[in-house]
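What follows is a single structure, written as structure tokens, with notes after it.
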């Protein structure tokens, strides 16, 4: 980190970059523009794994910014001289509704035709062509050029020359990242050519006179670091020519000289059957004054970027100022499957095409699904494409933005074609979002009529979407009419609406709560409140940092155990998940790294789900009107292919998974070490192993003799031959006739230790003068050895693969909040050795001499329960001297019945949350969180299934405590409800200069943490600072609560003393 403060308000400034660390000496450099108002700067290093790190030197130096060549134009075809190459525009026939031939934005706006585009050789600013855009009344569309890079903090310039058919025509010039995130500017043009420039002096900030939507620097659509330059006529005909984009200065278009090369394939849909030649039409325009004879060279690259074929198609003659066309036919290898590129080099000029190879489809897979956007996809165009990729389960949305029941319009046609349908049913029209009506009569009547009308055609009705994050959005406008969303209300609406569904269609299933993330606490509480009644299927959305971090598998297993209390083998379905990519590829149609990572992420998440018994898995999302960065499964077409959307590589990965697994049942997991995953499936005729290495460098795996007859396929479906495979982040599939047990045994024989850490370790304080070394076996074999630290060497018995072992040591001096570094060396019996360094600091909580009265007066607390300063400050907006003067501390003690927490906040006034109970964090109050089993790695983002978070504040002058996260009952068989609590004694007392919060947490409220001497967990406390202008910031003990996502691995250790 480069970290410091800036401006008069000392606003927090930082820039971070993550580096992988090896055993070799390396130099890591972080470079970032320094703000003009920077007050101070320092270096901060966060070490994510226990080890011994040698930092030989660290320095900050000021240097001139590296020069960015602003003359580089990142737009490949800004002058239209390469035809439609490197452009994108969606075709109206692909996203209009089939029943009325209209397109709607879901906000009661309708269009009946598309934006017309053409190449014009009569009107141009320079060269031979320009782009002509014609917007007739009620026409829809936006013209996109290839994605271009941006750098946060640097300038960006997109310019083009525009001419109108008439005076005073309006043109929108934009840099579009994704829905709700963009820069744009309107220009007025006339019948003379006008240069229009959208100039962003500092990317991420709003310039004067320019629209900025969302957060272009760090918003959801910024992850690829690319943006789409786009132009729209706001009415009438315009011509666009000589477009340029640059970083670090004002863009300037310079005509390309010599040969201009473009390429397009003969398959408009973008994919072929195996054995079919890929015919690419090359168009060469010669801008030189002499004839060119150029050699055509080509390369065929697979999904991974590996060259699988190359060749020379001879020479092509292009007359001076003339044009030539040549068709190059390449038949890919018979076993090549999935997404690929053909790249051409003609006379030093480059062009490429994207395509894929897919076998004829089998039956529709009803276990692999997508979210289908009915308001922006034409069903007659969608069905053939979905069938070709065997995606046979669709999650429809009843409401398209503000238009209820849009999702039902395509049900009949999908049903007729054999699709499995889930309808995510919304509350629009029955209550203002995010409220729920107390009177269900009208809602139930409407749903019953729909269930009756579509009886037998919609298999599942899912009640609402991500209800676990509805709370705290707005104040209840009328508590007499509406409920705020809670787990209890969630259970109530499922019971009520289930009655309406079953009355109309007895065979339909009811699902919910469609939680954002795998929210075990919310789902568990909802099930308990409703006793599981009315619910047939549990649904969740497992978005996360990585499929294995925090690990999807244990969360899914915990959810299954929780659900089994209400119904044996309670079905669970993931109805939304995925990673982002872009609708166009930036570099001559080459498959980019961010798309490869999307494929790895999505496929691994799906396989972990199926390997742990998920009934279905629905990816996000399928829409034929996808533009910019997002979760779309399709790529934009252009007039070269009739503006037809094409399948992105992730669709080929889904088809391959369907081909490999079919309806195979999970048959266990082979534990190969922390960095690997291997799930077995029984297909009946064969057993399948899905295998990958998600962490660390790639490893070569030599197949043992037992697997010599196994068929091996990569993530795209290409068969791998030769008896050796590379294990990396992309899953491979092994198919064999061996039994599951024999397959597992064969895989275990493989040596996967090369390039992999065999073990890791950390230290846990368990008493004032005692700590334990916790060793994690990351390998595939049992691990035994010794731990040497603080002058002692102790042995540890064999630890099974992926399991933990512990060794206890006594300390010469007591642990405190002060730094206390301990060095250790761990050696295995096999000769491996690793050094570690740990900082043993912790909160030592004394046992209460007597139970305090919970009244907001801490004078009856033990003197040994010392004040713990909450000194970590975060400013969300400029602070005044009043906020700067705020300070806070916490005190902790315990007895056999309760864990006691007291927090004192020195702030004279108290500002209550404007939202109320469900959004306590928006006003003065506190939040506190526990990691009871102390299992969060420092790099883990978001809570895990053992964690708690609470919030407390005054509401209408009365103290309330709200549990927002709770540990799963699988740890202790104890249910812990989400929402307002009555079983945690709470007091909040106001004094003239401060507010005191006092709590007594019963055993169940911190379980599985045990209230007994020596127990250890991690915890954190945060103080929210409310003002009349909103939340100003917060104070924390450590990082982890106030950040998004949460970071429980950064909490402070807490140890209960005798």
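Quick one: is residue 257 without any contact (Cβ under 8 Å) to a residue 40 or more places away in the chain, out of contact with any strand residue (DSSP E or B) (no Cβ under 6 Å at 6 or more places or on another chain) and either assigned to a strand (DSSP E or B) or surrounded by fewer than 22 Cβ atoms within 10 Å (Cβ to Cβ) (or both)?
Numbers: without any contact (Cβ under 8 Å) to a residue 40 or more places away in the chain: yes; out of contact with any strand residue (DSSP E or B) (no Cβ under 6 Å at 6 or more places or on another chain): yes; either assigned to a strand (DSSP E or B) or surrounded by fewer than 22 Cβ atoms within 10 Å (Cβ to Cβ) (or both): yes.
Judged against the criteria, residue 257 is a match.
If you go through the stretch 939-954 and pick out every residue that is surrounded by fewer than 23 Cβ atoms within 10 Å (Cβ to Cβ) and out of contact with any strand residue (DSSP E or B) (no Cβ under 9 Å at 6 or more places or on another chain), you end up with 0.
For the stretch 390-403, name all the residues that are surrounded by 19 or more Cβ atoms within 10 Å (Cβ to Cβ) and part of a loop (DSSP other than H, G, I, E, B).
The answer is 390, 398, 399.
For every residue, the table says whether it meets (1) under 29 Å from residue 226 (Cα atoms); (2) touching a strand residue (DSSP E or B) at 6+ places or on another chain (Cβ under 8 Å); (3) assigned to a loop (DSSP other than H, G, I, E, B).
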{"residue": "54", "(1), (2), (3)": "no, no, yes"}
{"residue": "60", "(1), (2), (3)": "no, yes, yes"}
{"residue": "68", "(1), (2), (3)": "yes, yes, yes"}
{"residue": "83", "(1), (2), (3)": "yes, yes, yes"}
{"residue": "125", "(1), (2), (3)": "yes, yes, yes"}
{"residue": "158", "(1), (2), (3)": "yes, yes, no"}
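Among the residues of the stretch 580-598, not a single one is closer than 29 Å to residue 509 by Cα, in contact with a strand residue (DSSP E or B) (Cβ under 9 Å, 6 or more places away or on another chain) and touching a residue at least 24 places away in the same chain (Cβ under 8 Å).
Of the listed requirements (1) in a loop (DSSP other than H, G, I, E, B); (2) surrounded by 13 or more Cβ atoms within 10 Å (Cβ to Cβ); (3) at pLDDT below 85, residue 19 misses just one: (2).
Consider the stretch 256-269. How many of its residues are closer than 21 Å to residue 587 by Cβ and either in the same structural domain as residue 344 (by TED's automatic domain parsing) or touching a helix residue (DSSP H, G or I) at 6+ places or on another chain (Cβ under 6 Å) (or both)? The number of residues fulfilling the criteria is 1.
Which of the strands (runs of 3 or more DSSP E) found entirely inside the stretch 979-1058 contain at least 1 residues meeting this: under 28 Å from the mean Cα position of the chain (by Cα) and under 22 Å from residue 817 (Cβ atoms)? Working first, answer last.
Details: elements: 986-990, 995-1002, 1016-1027, 1030-1036, 1052-1056.
Those strands (runs of 3 or more DSSP E) span 1016-1027, 1030-1036, 1052-1056.
Can you tell me how many residues in the stretch 317-343 are touching a residue at least 40 places away in the same chain (Cβ under 8 Å), part of a strand (DSSP E or B) and surrounded by 13 or more Cβ atoms within 10 Å (Cβ to Cβ)?
The first filter runs over the stretch 317-343 and keeps only residues touching a residue at least 40 places away in the same chain (Cβ under 8 Å), leaving 318, 323-332, 334-343.
Of the ones still in play, those that are also part of a strand (DSSP E or B) are 318, 323-330, 338-343.
With surrounded by 13 or more Cβ atoms within 10 Å (Cβ to Cβ) added as a condition, the list becomes 318, 324, 326, 328, 330, 338-343.
The qualifying residues number 11.
Which count do you get for residues in the stretch 621-630 that are under 19 Å from residue 391 (Cα atoms) and either assigned to a loop (DSSP other than H, G, I, E, B) or out of contact with any helix residue (DSSP H, G or I) (no Cβ under 9 Å at 6 or more places or on another chain) (or both)? Talk me through it step by step, then tell me what you get.
As a first pass, look at the stretch 621-630 and keep what is under 19 Å from residue 391 (Cα atoms): 621-626.
Restricting the remaining residues to those that are either assigned to a loop (DSSP other than H, G, I, E, B) or out of contact with any helix residue (DSSP H, G or I) (no Cβ under 9 Å at 6 or more places or on another chain) (or both) gives 621, 623-626.
So the count comes out to 5.
If a residue has to be within 27 Å of the chain's Cα centre (by Cα) and within 16 Å of residue 241 (Cα to Cα) to count, how many in the stretch 113-159 make the cut?
At the first step, the residues of the stretch 113-159 found to be within 27 Å of the chain's Cα centre (by Cα) are 142, 144-154, 156.
Pick out the ones that are also within 16 Å of residue 241 (Cα to Cα) and you get 142, 144-146.
Of the residues in the stretch 113-159, 4 are within 27 Å of the chain's Cα centre (by Cα) and within 16 Å of residue 241 (Cα to Cα).
Within the stretch 896-911, one or more residues are touching a strand residue (DSSP E or B) at 6+ places or on another chain (Cβ under 7 Å) and within 27 Å of residue 435 (Cα to Cα).
Considering each residue of the stretch 718-743, count those that are more than 20 Å from residue 657 (Cβ to Cβ) and within 31 Å of the chain's Cα centre (by Cα), and give that number.
Keep residues of the stretch 718-743 that are more than 20 Å from residue 657 (Cβ to Cβ), which gives 721-724, 737-739, 741-742.
Okay, now just the ones that are also within 31 Å of the chain's Cα centre (by Cα), so none.
Count: 0.
With the structure loaded, tell me whether residue 209 is closer than 23 Å to residue 583 by Cα and without any contact (Cβ under 8 Å) to a residue 40 or more places away in the chain or whether it fails that test. Considered against the rule, which asks whether it is closer than 23 Å to residue 583 by Cα and without any contact (Cβ under 8 Å) to a residue 40 or more places away in the chain, residue 209 comes out as no. The requirement of being at pLDDT below 95, closer than 20 Å to residue 472 by Cα and over 26 Å from the mean Cα position of the chain (by Cα) is fulfilled somewhere in the stretch 971-978, by at least one residue.
In summary, helices (runs of 4 or more DSSP H) completely within the stretch 471-584 and bearing 3 or more residues that are at pLDDT below 95 and assigned by TED's automatic domain parsing to the domain that holds residue 372 occur at 520-530, 552-563.
Among residues that are under 30 Å from residue 482 (Cβ atoms), in the same structural domain as residue 647 (by TED's automatic domain parsing) and touching a strand residue (DSSP E or B) at 6+ places or on another chain (Cβ under 6 Å), residue 407 is included.
Does the stretch 228-258 hold any residues that are more than 30 Å from residue 184 (Cα to Cα) and modelled with pLDDT of 95 or more, and which are they?
As a first pass, look at the stretch 228-258 and keep what is more than 30 Å from residue 184 (Cα to Cα): 257-258.
Result: no residue meets the conditions.
Go through 488, 413, 499, 449 for me and flag whichever is under 30 Å from residue 387 (Cβ atoms), in contact with a helix residue (DSSP H, G or I) (Cβ under 8 Å, 6 or more places away or on another chain) and surrounded by fewer than 22 Cβ atoms within 10 Å (Cβ to Cβ). Going through 488, 413, 499, 449 in turn, just one is under 30 Å from residue 387 (Cβ atoms), in contact with a helix residue (DSSP H, G or I) (Cβ under 8 Å, 6 or more places away or on another chain) and surrounded by fewer than 22 Cβ atoms within 10 Å (Cβ to Cβ): 413.
For the stretch 697-721, give me each residue that is outside any strand (DSSP E or B) and in contact with a strand residue (DSSP E or B) (Cβ under 9 Å, 6 or more places away or on another chain).
Restricting attention to the stretch 697-721, the residues satisfying the condition of being outside any strand (DSSP E or B) are 697-698, 703-710, 714-718, 721.
Those that are outside any strand (DSSP E or B) and in contact with a strand residue (DSSP E or B) (Cβ under 9 Å, 6 or more places away or on another chain): 698, 703, 706, 707, 709, 710, 714, 715, 716, 717, 718, 721.
Filtering the stretch 815-828 to residues that are assigned to a loop (DSSP other than H, G, I, E, B) and surrounded by 13 or more Cβ atoms within 10 Å (Cβ to Cβ) leaves 815, 816, 817, 820. For the stretch 662-690, the candidate set comprises residues that are in contact (Cβ under 8 Å) with a residue 40 or more places away in the chain and at positive phi; within that set, the residue that is surrounded by the fewest Cβ atoms within 10 Å (Cβ to Cβ) is 668. Can you name the residue in the stretch 288-316 that is farther than 17 Å from residue 349 by Cβ and touching a residue at least 40 places away in the same chain (Cβ under 8 Å) and is also surrounded by the fewest Cβ atoms within 10 Å (Cβ to Cβ) among such residues? So, considering only residues that are farther than 17 Å from residue 349 by Cβ and touching a residue at least 40 places away in the same chain (Cβ under 8 Å), the one surrounded by the fewest Cβ atoms within 10 Å (Cβ to Cβ) is 305.
Taking the stretch 876-899 only, how many residues are within 16 Å of residue 862 (Cβ to Cβ) and free of Cβ contacts under 8 Å to residues at least 40 places away in the same chain? Give the steps one after another, and end with the answer.
Narrowing the stretch 876-899 to residues within 16 Å of residue 862 (Cβ to Cβ): 889-899.
Next cut, free of Cβ contacts under 8 Å to residues at least 40 places away in the same chain only: 889, 891.
Total satisfying the criteria: 2.
For the stretch 867-884, the set of residues classified as part of a loop (DSSP other than H, G, I, E, B) and at pLDDT below 95 consists of 871, 876, 877, 878, 879, 880, listed by residue number. The residues of the stretch 352-371 that are within 28 Å of the chain's Cα centre (by Cα), under 12 Å from residue 276 (Cα atoms) and outside any strand (DSSP E or B) amount to a single one, 358.
Within the bounds of the stretch 733-743, is there any residue that is assigned to a helix (DSSP H, G or I), closer than 30 Å to residue 804 by Cβ and in contact with a helix residue (DSSP H, G or I) (Cβ under 9 Å, 6 or more places away or on another chain)?
Filtering the stretch 733-743 down to residues assigned to a helix (DSSP H, G or I) leaves 740-743.
Filter once more, keeping what is closer than 30 Å to residue 804 by Cβ: 740-743.
So of that shortlist, the ones also in contact with a helix residue (DSSP H, G or I) (Cβ under 9 Å, 6 or more places away or on another chain) come out as 742-743.
Yes, the stretch 733-743 contains a residue that is assigned to a helix (DSSP H, G or I), closer than 30 Å to residue 804 by Cβ and in contact with a helix residue (DSSP H, G or I) (Cβ under 9 Å, 6 or more places away or on another chain).
The values are calculated or read from the model by the stated rules, or taken from the named source; none is laboratory data. Bear in mind that the values here come from a model prediction, so they are computed numbers and not experimental data. All Cβ positions, even for glycine, are placed from backbone atoms using ideal geometry, and neighbour counts span all protein chains on display.
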